[in-house]
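Undergrad: Quick one: the structure is below, questions incoming.
The values are calculated or read from the model by the stated rules, or taken from the named source; none is laboratory data. Small disclaimer: the values here were computed from a predicted structure and weren't measured. Positions of Cβ are backbone-derived with ideal geometry, glycine not excepted, and every protein chain shown enters the neighbour counts. Ligands, DNA and RNA are excluded from the accessible area calculation, which covers all protein heavy atoms including side chains. Shrake-Rupley method; radii C 1.70, N 1.55, O 1.52, S 1.80 Å.
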Amino acid sequence: MPDGTSTFTCKGKTILHYMGTSTFSEYTVVADISVAKIDPLAPLDKVCLLGCGISTGYGAAVNTAKVEPGSVCAVFGLGGVGLAVIMGCKVAGASRIIGVDIHKDKFARAKEFGATECINPQDFSKPIQEVLTEMTDGGVDYSFECIGNVKVMRAALEACHKGWGVSVVVGVAASGEEIATRPFQLVTGRTWKGTAFGGWRSEEVPSAGGGHLKLCPDLFRPKGPQPLDDSVSTSKKDAFVVLLYK
C-alpha cells in the first residue's frame, strides 16, 4: 500500500500487494488512487486494458510529452504499450510516426494504429539513432522507449532533435539497470523524461482517450485456455477497473 503497510496475511504472515493491487486475487484491497469506477455495461475484456499499458502509452504521448500537431515522433517497441503511444501521437496530430522494432511482423498492425512508417534496426549497419537523424533532417521531435531496454532508452534520446527534442522512457528496465548518455546530448537541448501511468489520475481513466482509443483485446490475450477467465464475472452491479499503479 502507499503507506508501506499490507492488508494481506497468509498463515499469520504478512504478504505484500503485487504492484499495490494484487489483481490475480479473487478479492483485493487497494488504495483509492488505484481504482476507478466505470460504466457497469462496459465490456470488461476491453476496459481492463486501461488498467495499465494502454493508459500508460497513450498518456505518455498526450500528457507527458504533450505531442504537438505536425510533429515527428519515433516509437521504439511495437507491443501493446507502443501501439497505445502511436494512438496518442496520432490523436495529437503528429504528421509522421515512425515505428521501430526488430520484429517486422508487428509493422502492419502498427500502421493500422497510426504509424506512418516502420523500420527494423537490424536492417542497418549504423546505430538506429543515426538512421533516424538522417531520416528526419536532424532528429525527431518526440521519441518513446516502450521496451525497458536501457540501450534503447539511450538510442531514443539520441534520436531526438537538438534544441527541443523530448524523449520519454515508458518501458520498465530490469532491477538494478542504469541509463547513460553523454552530457552533450542534454546540454544541447534535449529533454529526457519518464512517465508513470501516462500522467493520468484514477478519476480520469474512465474518460481517457475521449473515444479515440482503439482497444483490441485479441492483441494481449494469450492463445489457449486461460483458467483465470472462469473467475471473471460481468454480472456485477457496479464495475471497476483496478489500476496497476503504485
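Undergrad: Do you know the relative contact order of region 53-198, to the nearest whole percent, from alpha carbon pairs under 8 angstrom that are 6+ apart? Mind showing how you got there, number by number?
TA: Working: 341 pairs, mean separation 37.0, N = 146.
Dividing the mean separation by the residue count of region 53-198 yields 25 percent.
Undergrad: Roughly how big is region 56-142's charge dipole about its Cα centre, with Cβ charges of +1 (Lys, Arg) and -1 (Asp, Glu), in debye to the nearest 20?
TA: Once rounded to the nearest 20, the dipole reads 260 debye.
Undergrad: Considering only protein heavy atoms and a probe of 1.4 Å, how much of the accessible area of region 53-198 is carbon and sulfur, as a whole percent? Working shown, then result.
TA: Numbers: 3300 of 6290 Å².
Answer for region 53-198: carbon and sulfur cover 52 percent of the accessible area.
Undergrad: Suppose accessible area is computed on protein heavy atoms with a 1.4 Å probe; arrange 16, 132 from highest to lowest.
TA: Numbers: 16 135, 132 0 Å².
Most to least solvent-accessible, the answer reads 16, 132.
Undergrad: Ranked from the most accessible area to the least, with a 1.4 Å probe and all protein chains present, what is the order of 125, 143?
TA: 125, 143
Undergrad: Compute the FRET efficiency between residue 6 and residue 41 as 1/(1 + (r/R0)^6), taking r as their Cβ-Cβ distance and R0 = 25 Å, and round to the nearest 0.05.
TA: With R0 = 25 Å, the Cβ-Cβ based efficiency is 0.15.
Undergrad: A follow-up question, please. State whether region 1-113 is rounded, prolate or oblate according to the following rule on the C-alpha gyration tensor (a ≥ b ≥ c being the square roots of its eigenvalues): a/c under 1.5 gives rounded; otherwise a/b larger than b/c gives prolate, and the remaining case gives oblate. The partial results should precede the final answer.
TA: Working: a/c = 2.41, a/b = 2.27, b/c = 1.06.
Prolate.
Undergrad: When the Cα centres of region 54-91 and region 132-186 are compared, how far apart do they sit, in Å?
TA: 14
Undergrad: Another question about this same structure. Just to be sure I follow the rule: in region 53-198, considering lysines 8 or more places apart or on different chains, how many pairs have Cα atoms under 18 Å apart?
TA: Pairs that pass both the separation and distance tests number 8.
Undergrad: Right, another one. Skip the ligands, DNA and RNA, and give the accessible area per residue of region 53-198 with a 1.4 Å probe, whole Å².
TA: Each residue of region 53-198 exposes 43 Å² on average to a 1.4 Å probe.
Undergrad: Starting from the Cα gyration tensor of region 94-178, take the square roots of the eigenvalues, sort them a ≥ b ≥ c, and report rounded, prolate or oblate (rounded when a/c is under 1.5, otherwise prolate if a/b is larger than b/c, else oblate).
TA: Working: a/c = 1.42, a/b = 1.11, b/c = 1.28.
Rounded, since a/c falls under 1.5.
Undergrad: Can you list the HN-Hα couplings for region 107-117, worked out from phi with the Karplus curve (6.51, -1.76, 1.60; θ = phi - 60°), rounded to whole Hz and with x for Gly and Pro?
TA: Result, ordered by residue: 5, 4, 5, 4, 5, 4, 8, x, 5, 8, 6 Hz.
Undergrad: Another question, if that's okay. Under the classification rounded if a/c is under 1.5, otherwise prolate if a/b is larger than b/c and oblate if not, where does region 53-198 fall, given a ≥ b ≥ c as square roots of the Cα gyration tensor eigenvalues?
TA: Judged from the Cα gyration tensor, region 53-198 comes out rounded (a/c under 1.5).
Undergrad: Rank these residues by their accessible area, most exposed first, probe 1.4 Å: 107, 144, 124.
TA: Sorted descending by solvent-accessible area, the residues read 124, 107, 144.
Undergrad: If Lys and Arg each add +1 and Asp and Glu each add -1, what is the summed charge of the other residues whose beta carbon sits under 12 Å from the beta carbon of residue 123?
TA: +1
Undergrad: While we're on this one: Starting at the first residue of region 79-86, write each ³J(HN,Hα) from the Karplus equation 6.51 cos²θ - 1.76 cosθ + 1.60 with θ = phi - 60°, in whole Hz, x for Gly and Pro.
TA: x, x, 5, x, 5, 5, 4, 4
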